[in-house]
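So the structure is just underneath, and the comments pick up after that.
The values are calculated or read from the model by the stated rules, or taken from the named source; none is laboratory data. This structure is a prediction, so every number in the text was calculated from the model and none was measured. Because the Cβ atoms are built from the backbone with ideal geometry, glycine has one as well, and the counts that use them run over all protein chains shown. These accessible areas exclude ligands, DNA and RNA; they are computed on the full protein's heavy atoms, side chains included. Shrake-Rupley method; radii C 1.70, N 1.55, O 1.52, S 1.80 Å.
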Amino acid sequence: MTTGVRRRMGVEERRQQLIGVALELFSRRSPDEVSIDEIASAAGISRPLVYHYFPGKLSLYEAALKRASDDLAARFVEPREGPLGARLLRVMGRFFDFVDEHGPGFSALMRGGPAVGSSTTNALIDAVRQAAYVQILSHLDVQRPPARLELVIRSWISLAESTALIWLDGRRIPRAELEAQLVHDFAALAAVSAAYDEEMAALLRRILKDEPADGPFTDLVGRIVALAS
């Protein structure tokens with residue numbers, strides 16, 4: 001039988017609860033539209049008590065962003081097993097899961113929100129991009145990337161971000177198609193770079209050698225051949 005007596009939370013437990021509540025609200029609406037009063041109400045505490053744990057909405061937003069950025073970075077982690085195309089497709093699936101779950105917050109972060117431009121926010125965004133970059137290098141089994149490869153990977157990460165933002169604006173293109181297209185985009189960027197650089201060409205040949213007939217990279221080659229015929 002429920003007694004109706006609330007359990008008193010410790011300081012860190014309450015902080016984590018507030019971060020979770022704020023992240024949930026920021027995921028549904030732009031952080032600019034979420035008030036401290038709403039966060040307090042959703043957490044079941046008073047407005048002054050929120051300020052006891054966080055000096056303001058900006059600090060709470062940054063804490064929620066830190067949890068979200070850790071989550072997003074973790075979605076680029078993938079076992080180094082099987083062909084690269086299939087691995088990247090699974091990564092894109094998890095990336096778009098995050099975008100789908102945190103749409104307004106993701107959009108506000110990338111386009112402008114209450115903490116955009118702060119050193120903390122910029123550092124968190126850069127950390128996610130760097131984590132994604134390191135993971136892709138790991139999948140390519142490259143320890144010291146040449147300049148062209150770094151350009152390809154970082155350009156592709158930026159492309160994934162911008163593609164997600166466009167998709168959120170109405171979801172006019174099927175999500176699964178965009179996930180596959182982004183994997184194709186990675187191969188296309190690598191292929192263009194390979195046309196100018198033998199080291200990149202050798203890397204691309206190594207990647208394609210392990211691709212199955214029904215893999216996304218092979219699918220791209222078939223689509224290009226069909227266009228040219």
To the nearest 10 degrees, the tilt of helix 147-168 (Cα long axis) against the first principal axis of the alpha carbons of the chain is 50
Mean projected area (nm²) from the convex hull of Cα positions in the chain is 16.8
Magnitude of the Cβ-charge dipole (Lys and Arg +1, Asp and Glu -1) of the range 77-196 about the Cα centre, nearest 20 debye, reported as 160
SASA check, VAL225, accessible area w/ 1.4 Å probe, all protein chains in place, rounded to nearest 10 Å², comes out at 90
Here the equivalent ellipsoid of the range 44-144, derived from its Cα gyration tensor, has semi-axes (largest first, whole Å) of 32, 14, 12
Computed over the chain: longest principal axis from alpha-carbon atoms vs helix 198-209 long axis, angle to nearest 10 degrees, is 80
Taking only Cα atoms of the range 161-229, the Rg to Rh ratio with Kirkwood Rh works out at 1.04
Fraction of alpha-carbon pairs in the range 2-105 farther than 16 Å apart, rounded to whole percent, equals 63
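Would you list ASP185, ASP100, ASP32 from the most to the least accessible area, probe 1.4 Å?
Largest to smallest exposure gives the sequence ASP32, ASP100, ASP185.
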Placing +1 on each Lys and Arg Cβ and -1 on each Asp and Glu Cβ in the range 9-104, then taking the dipole about the Cα centre, the residue among ALA22, ALA73, PRO55 whose Cα reaches farthest towards the positive end is ALA73
Placing one equal point scatterer on each C-alpha of the range 25-76 and summing with Debye, one gets log10 I(q)/I(0) at q = 0.13 Å⁻¹ equal to -0.34
Sorted largest first, the C-alpha extents of the range 87-200 along its principal axes in whole angstrom are 45, 35, 21
P(r) of the range 120-179 over all Cα-Cα pairs, 10 Å bins starting at 0, rounded to whole percent, reads 19, 41, 32, 7, 0
To the nearest 20 debye, the chain has a Cα-centred charge dipole, built from +1 on Lys and Arg Cβ and -1 on Asp and Glu Cβ, of 640
Taking every other residue with Cβ under 10 Å from the Cβ of ARG129 and scoring Lys and Arg +1, Asp and Glu -1, one gets -1
